[in-house]
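Colleague: Below: one structure in structure tokens.
The values are calculated or read from the model by the stated rules, or taken from the named source; none is laboratory data. Predicted model only: the values in this text are computed from it and were never measured. Using ideal geometry, Cβ is built from the backbone for each residue, glycine included, and neighbour counts are taken over all protein chains shown.
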Amino acid sequence: MNRPILIAGLAAVTLSLGACASKPKQLPPEPGTTTTTQTTPPPSQPTGPVPGSQADFVASVISDTVNFDTDRYNIDASDQGILQSQASWLARYPAKRITIEGHCDERGTRDYNIALGERRANAAKNYLVSLGVDPSRITVVSYGKERPLALGSDEESWAKNRRAVTVTVS
């Protein structure tokens, strides 16, 4: 190969590689000169439950559960306070729907407990409606004795299982 052409080719390659070289690094400021850079803190991440969620509901109300005496479905004074707090939360989220689940203890027949669980769920619903909650936002379901909260055949377990539980849907 011709030497002048080889030298010219090497020169061309060297020049093209030099053009691709990285930019020089920026040096720190000289001592005695101050540069102030104002930085904004990163946006704070919200803590706690998502507004309008089931977790927010549970955190915001007195309780999501109303308990009942044996063979009863009446709303007493403590139940009224619980349901009033639920109605206040529902007023803040008018698009939210709920389901009220009626539950019973293990005593009694399946049919009796399904009917009693429905009466308990409807008692809670009717009280919420009396506080201004639109009845079309509330669905009731009875599980009777099929979904116990506490397993056991004693008064403490039975008392925990006689309940109406409010669950957010949408």
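Colleague: Which ones in the range 86-111 are outside any helix (DSSP H, G or I) and closer than 17 Å to Arg147 by Cα?
Modeller: As a first pass, look at the range 86-111 and keep what is outside any helix (DSSP H, G or I): 93-109.
Answer for the range 86-111, where residues must be outside any helix (DSSP H, G or I) and closer than 17 Å to Arg147 by Cα: Thr99, Ile100, Glu101, Gly102, His103, Cys104, Asp105, Glu106, Arg107, Gly108, Thr109.
Colleague: When you scan the range 154-170, how many residues do you find that are of a type in the set (Gly, Ala, Ser) and assigned to a helix (DSSP H, G or I)? Break it down stepwise before answering.
Modeller: Within the range 154-170, the first condition is being of a type in the set (Gly, Ala, Ser), and the residues that meet it are 157, 159, 164, 170.
If we keep only those that are assigned to a helix (DSSP H, G or I) too, we end up with 157, 159.
Residues meeting the conditions: 2.
Colleague: Moving on. Within the range 33-80, work out how many residues are modelled with pLDDT under 95 and at positive phi.
Modeller: The qualifying residues number 2.
Colleague: Under 6 Å between Cβ atoms, which residue pairs at least 6 apart in sequence (or on different chains) link something in the range 144-168 that is within 30 Å of Ala91 (Cα to Cα) with a partner that is aromatic (Phe, Trp, Tyr) and surrounded by 14 or more Cβ atoms within 10 Å (Cβ to Cβ)?
Modeller: Arg162/Phe68; Thr168/Phe57
Colleague: Continuing with this model, one more query. Which one is surrounded by the most Cβ atoms within 10 Å (Cβ to Cβ) among residues in the range 64-95 that are of a type in the set (Val, Ile, Thr) and under 23 Å from Arg107 (Cβ atoms)? Quick ask: steps written out before the conclusion?
Modeller: The first filter runs over the range 64-95 and keeps only residues of a type in the set (Val, Ile, Thr), leaving 65-66, 70, 75, 82.
Going one step further and asking which of them are under 23 Å from Arg107 (Cβ atoms), we end up with 65-66, 70, 75.
On the way: Thr65: 18, Val66: 26, Thr70: 13, Ile75: 20.
By that ranking, first place goes to Val66.
Colleague: Which count do you get for residues in the range 91-111 that are within 13 Å of Arg162 (Cα to Cα) and free of Cβ contacts under 8 Å to residues at least 60 places away in the same chain? Working first, answer last.
Modeller: Of the residues in the range 91-111, the ones within 13 Å of Arg162 (Cα to Cα) are 101-108.
Applying the additional criterion that residues be free of Cβ contacts under 8 Å to residues at least 60 places away in the same chain yields 104-108.
Residues that pass the stated criteria total 5.
Colleague: Just give me the residues in the range 127-143 being touching a residue at least 24 places away in the same chain (Cβ under 8 Å) and under 17 Å from Asp64 (Cα atoms), in sequence order.
Modeller: Tyr127, Leu128, Leu131, Val133, Arg137, Ile138, Thr139, Val140, Val141, Ser142, Tyr143
Colleague: Please work out if Asn122 is surrounded by fewer than 19 Cβ atoms within 10 Å (Cβ to Cβ) and out of contact with any strand residue (DSSP E or B) (no Cβ under 9 Å at 6 or more places or on another chain).
Modeller: No, not satisfied.
Colleague: State the number of residues belonging to the range 120-148 that are in a helix (DSSP H, G or I), closer than 10 Å to Glu101 by Cα and among the polar types (S, T, N, Q).
Modeller: Total satisfying the criteria: 1.
Colleague: Give Leu83, Leu151 a once-over and let me know the one that is out of contact with any strand residue (DSSP E or B) (no Cβ under 6 Å at 6 or more places or on another chain) and either in a helix (DSSP H, G or I) or modelled with pLDDT of 95 or more (or both).
Modeller: Numbers: Leu151 fails: either in a helix (DSSP H, G or I) or modelled with pLDDT of 95 or more (or both).
Selected residue: Leu83, the only one of Leu83, Leu151 that is out of contact with any strand residue (DSSP E or B) (no Cβ under 6 Å at 6 or more places or on another chain) and either in a helix (DSSP H, G or I) or modelled with pLDDT of 95 or more (or both).
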